[in-house]
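Encoded as structure tokens, the structure appears first; notes follow it.
FYI, it's all coordinate maths here, none of it is from the lab. All of these numbers come straight from a predicted model, not from anything done at the bench. Note that each Cβ is placed from the backbone with ideal geometry, even for glycine, and that neighbours are counted across all protein chains shown.
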Amino acid sequence: MWQERYAEKAKTDLFEYERHIKNTNYYAYDDPVIAGAALEIASESNSAEEAVANTLEYVFLNVKYVAGETDNVCLTGTAPKILESGSGQCDTQSMVVVSILRKMGIAARPVGGCIIANPECRLQAVYLQSFADLLKLPRFKELGEEVKQGEDVFSRRATSSRPGGLHAYVVAWLPIDGWVA
């Protein structure tokens, strides 16, 4: 099965593989909603590359993009809740993608950054980074890898971050290509 081959290669070639497939309360991939989606996608896939593509399509079809989602949804939501709701923005859709991929054993992590160059986005990014320690928020660092003791979460808190161009997406590790967006 492709999952066994993938895991064997990832354990050999990917530093901290276990960290990038970790289950958390945020991803909650043992929840039947996520576990069922992951099982369905894995059974319809012949490789990790195909599973990633199928996961993206699944989330695209089952989690409708909605503008104006509150930051609170990102902070209090979990991947199963988002998938059950059937709607989300980039960060909450990304939660679902990471959760499904990790359930299948594919290393995945969230990434964030500015997608458009404008002063508002730069100011929000600076705000999030500058006050992350003071407010005990998660912090994004190199390639968007988050740093928070014990759990991966997005760095939103009580900011109205979306209008400025901040964006969240997923990178997954593939044996031939490494980390791909």
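The H on the amide N of residue 171, modeled in the peptide plane, is under 5 Å from the matching H of 109, 111, each at least 5 residues off or on a different chain. Amide H to amide H distances under 5 Å link residue 87 with 64, where only residues 5 or more positions off or on other chains count and H is placed in the peptide plane.
Fully extending the segment from residue 67 to residue 18, taken as 0.36 nm per residue of separation minus the present Cα-Cα distance, adds 14.3 nm.
Looking at the square roots a ≥ b ≥ c of the eigenvalues of the Cα gyration tensor of region 5-64, which shape do they give, rounded for a/c under 1.5, prolate if a/b is larger than b/c, or oblate? Cα axes put region 5-64 in the oblate bin.
The phi torsions of region 54-68, fed into the Karplus equation with coefficients 6.51, -1.76 and 1.60 and a -60° offset, translate into couplings of 5, 5, 4, 5, 4, 5, 4, 7, 10, 10, 5, 6, 10, 7, x Hz, rounded to whole numbers, with Gly and Pro shown as x.
The GluC sites (Glu not before Pro) found in region 18-94 that occupy coil by DSSP, while having at most 13 further C-beta atoms within 10 Å, are 44.
3J(HN,Hα) along region 97-104: 4, 4, 4, 5, 4, 4, 4, 7 Hz, from the Karplus curve 6.51 cos²θ - 1.76 cosθ + 1.60 with θ = phi - 60°, whole Hz, x for Gly and Pro. For region 17-64, the Cβ-based charge dipole about the Cα centre amounts to some 220 debye (Lys, Arg positive; Asp, Glu negative; other atoms uncharged).
Taking amide H as placed 1.01 Å from N in the peptide plane, residue 179 has its amide H under 5 Å from the amide H of 174, each at least 5 places away in sequence or on another chain.
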